[in-house]
Amino acid sequence: MSSSDTNKELTSEQFKSVLMSFIHDIKNSLLMSLSSLETLYEDLECIQPEQKQSIALIQYELHRINNSLVQLLSLYKMETHLFSVNADQYNLYDFLDELIINNNLVRSKQHFEIKMDCEEDLEWFFDKDLIATIVNSTINNSIRYAQNKIILSAAIENNFLKITIEDDGNGFPEKMFVQADTLETAINMQSGSTGLGLYFADKIANIHKNKERCGSTTIDNQSQLGGGRFSLMLP
């Protein structure tokens, strides 16, 4: 092999492939770490209950990183036309209840209430993994900024499934209401945060289609609890 071969720079497509491989490896390591932490959490519940909160917070941060990686992988697949929606019929009550039970941040907060408002026989077609990523991420954000309570609801509205997360926090800041039409406008490195989560949620909602209708997302500060409200509409 010549020195010119070893010094070749990666093409854009090669770099993307390498980057995606790294992300997959990181995700696998995160899932292994989360599994080990779950076992440790269960053990500490019996012998060292005062450390449960610290473990739960670590779990939450690892889940948050994992959700971000899932979003990046999904966005990459959308851009390279490798993405597809695997929709099936699911019971909404069971779906939302499972998300609440498995939410690690709830474990770390005392005297915090999540109220669920959903008919037990409500069913709909959607991609469970993708919608779970959106709803779980939104629940986590709501819990972080809420004071004592959030409401998670699902109902049929105008022949759409509407999933809503409301909290009793201070509401969304004004800058969040700027529509992020592209990935570039969703990211603002100067602020130290991004609108990537909302951009991802809207993209996932949009690719859920039924004939001429497609899904959408909205945010506002009209929560019945006085804080922010996130709504996801699926056809």
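No value in this document is a laboratory result; all are computed from the given coordinates. This is a predicted model, so every value here is computed, not measured. Here the Cβ is made from the backbone with ideal geometry for all residues, glycine too, and neighbour counts use every protein chain on show.
Among Phe112, Phe22, which comes first, second and so on when ranked by fewest other beta-carbon atoms within 10 Å? Please list the in-between numbers first.
Details: Phe112 15, Phe22 11.
Ascending number of Cβ neighbours within 10 Å: Phe22, Phe112.
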Quiz item: Given Lys115/Lys211; Lys77/Lys175; Lys162/Lys209; Lys27/Lys77; Lys77/Lys115, which pairs have Cα atoms separated by over 23 Å?
Solution: Lys115/Lys211; Lys77/Lys175; Lys77/Lys115
Quiz item: Between Lys149 and residues 5 or more places away or on another chain, which pairs have amide H atoms under 5 Å apart, with H built 1.01 Å from N, and which residues are they?
Solution: Glu113, Asp168
Quiz item: Using 7 Å Cα-to-Cβ label points, what is the Ser35/Ala155 separation (nm, one decimal)?
Solution: 4.1 nm
Practice problem: Quickly work out the Phe125-to-Asn86 label distance, labels modelled 7 Å from Cα along the C-beta direction, and quote it in nm with one decimal. | Solution: 1.7 nm
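As an exercise, use a Förster radius of 30 Å and the Cβ-Cβ distance of Ile100 and Lys209 to find the FRET efficiency, rounded to the nearest 0.05.
Values: r = 28 Å, r/R0 = 0.94.
Step by step, r from the Cβ atoms, then E = 0.60.
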